[in-house]
Structure formats: C-alpha cells, structure tokens
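> Have a look at the structure that comes next, please.
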Amino acid sequence: MKQLPLDLGPEPDQRLARFVVGANAELLAHLQGLMPGEPPTLIWGGAGSGKTHLLHGLARQWREQGQAVAAFDAEARGRWELAPAVRLVLIDDVDRLDEAQQHQAFALFIEAVGQGATVVATSRAPAVDLPLREDLRTRLGWGPSFALQPLDEGALRELLLQEGLRRGLQLPAELLDYLLLRFARDSAHLIPLLDRLDQYALRLKRAPTVPLLRQMLNEPDPV
C-alpha cells in the first residue's frame, strides 16, 4: 500500500497583486479602480482563465478597505439577500445559475442599485450569448464587459514559477520547457498537473524534474 501525504499545501493566494496579467492590464486596472455605485462589470472567459481568482482578489481588496462584500454562485442555495452595508456584490459563473437563481440574481441587481452597491459577475461568454432570462442578460450587458485574454508563453512561465515558489518548489527551466511544450497551454491544465507533481515529489522526497514528471505520468492511477 502506498503512503499518501496529507494535502497540507498552501491555500491559493488570490490577491489582485498575484494575478498574472498578460494581456489583461486594462481589466485589472478597471477592477483596482472600482468604487461603490458604479455600473455592473462582466468578466468572461473559459475555465481556468482566472475569473474566480479576480473575484476573490477583488473581495479581499474591498474588505481590507472596510467595505462589506456579498458573494454568490450556482452553489448558493436558499434566499439571496443583501445586508444594508454591502457595497460590492459578486456573482461567479452566472451562466451556471438555474431559473430560480437567475430570478434572485436579477433581484440582487435591483437591490444593489438601490443601496449604492457595485455588481461584478463572471461567465463563460459575453452577455449577449448567455442562455439567461432576458432581464438578467440585459443587466449583465449594461456596464463594462471584459474578455479575459489567454496567457502567452511568457506569462504562463511566470505563473508556473510563481505557483512553484508558493509551494516551496524551485522549478528548473527544462521542466518549464517540457510542461509548455507537451501539455495544453492554459492554467486549467497546468496548475492541477503541478499540484500532482508537488504531491508526487513530496511522497518520493525528490526534487521536481522532467524525469520525475515522466515517471509520475507513466504510473497507473491509484485505485
């Protein structure tokens, strides 16, 4: 029987300052400058593009400034309500909301405007292409909309180095080259792979290298 290490890795550090910007400087500047009472912002992009990271970072920034934040997503069941002090409303993956949640999300928009709060939402596509009720889709398209641009090779390399250091790993250049050459060039694939390699290297008490990665990938998945 293999001995598996406990998952004691670091929690994701999802501050705005830790977001690898790439071609998304305009979006990041917009989020950093948001104030209560502004029109809603929609951020859209594929899985692993960094949408949730940005929402977590934005929530942290506002809370550190003493502003109350409310956050919702498709897992948030029950009645969606805003406390009177809330000045920032976050809705993640709005395209995944069911019919009842879409109704509540639209009501949140109305309530947020009434109490001077700003709404920031994320989705996989622009508002016009979302399969949502028309009044909610109109609200999502009312303010600024930003498409998250994929990271180029240099930005992905920076992201992997940053994630490695956060885990206490020194990733050699040849390992980065191998990852970027042999695997899908997006964080949705590369970060989970790095997590696996981190756990594998910890179990074997070895440094992460290309041979170690190959060895890991050649082993059958544990049952």
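The values are calculated or read from the model by the stated rules, or taken from the named source; none is laboratory data. Just so you know, these numbers come straight off a predicted model, no measurement behind them. Please note: Cβ atoms are built from the backbone with ideal geometry, for glycine as well, and neighbour counts cover all protein chains shown. SASA here: full protein model, heavy atoms, side chains in, ligands and nucleic acids out. Shrake-Rupley method; radii C 1.70, N 1.55, O 1.52, S 1.80 Å.
> Test each condition in (1) more than 21 Å from the chain's Cα centre (by Cα); (2) at pLDDT 95 or above for THR118 and report the one that comes out false.
Result: THR118 fails condition (1) only.
> Kindly check whether there is at least one residue in the range 199-206 that is closer than 20 Å to GLY45 by Cα, open to solvent by 30 Å² or more (accessible area, probe 1.4 Å), of a type in the set (Lys, Arg) and outside any helix (DSSP H, G or I).
No, the conditions are met nowhere in the range 199-206.
> Does the range 110-130 hold any residues that are outside any loop (DSSP other than H, G, I, E, B) and surrounded by fewer than 22 Cβ atoms within 10 Å (Cβ to Cβ), and which are they?
Scanning the range 110-130 gives ILE110, GLU111, VAL113, GLY114, VAL128, ASP129.
> Within the bounds of the range 154-172, is there any residue that is more than 18 Å from VAL20 (Cα to Cα) and either among the basic types (Lys, Arg) or in a helix (DSSP H, G or I) (or both)? Talk me through it step by step, then tell me what you get.
So in the range 154-172, the residues more than 18 Å from VAL20 (Cα to Cα) come out as 168-170, 172.
Next, only the ones that are either among the basic types (Lys, Arg) or in a helix (DSSP H, G or I) (or both) stay: none.
Within the range 154-172, not a single residue is more than 18 Å from VAL20 (Cα to Cα) and either among the basic types (Lys, Arg) or in a helix (DSSP H, G or I) (or both).
> Still on this structure: Within the range 192-199, is there a residue that is without any contact (Cβ under 8 Å) to a residue 40 or more places away in the chain, under 26 Å from ALA121 (Cβ atoms) and within 19 Å of the chain's Cα centre (by Cα)?
Looking through the range 192-199, at least one residue is without any contact (Cβ under 8 Å) to a residue 40 or more places away in the chain, under 26 Å from ALA121 (Cβ atoms) and within 19 Å of the chain's Cα centre (by Cα).
> So, of the residues in the range 131-177 that are open to solvent by 50 Å² or more (accessible area, probe 1.4 Å) and aliphatic (A, V, I, L, M), which turns out to be modelled with the highest pLDDT?
The extreme case among them is ALA173.
> Give the residues of the range 35-57 that are farther than 27 Å from ALA184 by Cβ and surrounded by 16 or more Cβ atoms within 10 Å (Cβ to Cβ), sorted by residue number. Can you show your working first?
Filtering the range 35-57 for residues farther than 27 Å from ALA184 by Cβ gives 35-41.
Within the range 35-57, GLU38, PRO40, THR41 meet the criteria.
> Restricting to the range 72-86, and then to whatever is open to solvent by 50 Å² or more (accessible area, probe 1.4 Å) and under 22 Å from the mean Cα position of the chain (by Cα), can you tell me which residue is nearest to THR52 (Cα to Cα)?
ASP73
> What residue, of GLN149, GLN65, is more than 21 Å from the chain's Cα centre (by Cα) and polar (S, T, N, Q)?
On inspection, the qualifying residue turns out to be GLN65.
> Turning to a different aspect of this structure: In the range 178-191, which residue that is open to solvent by 60 Å² or more (accessible area, probe 1.4 Å) and part of a helix (DSSP H, G or I) is modelled with the lowest pLDDT?
HIS189
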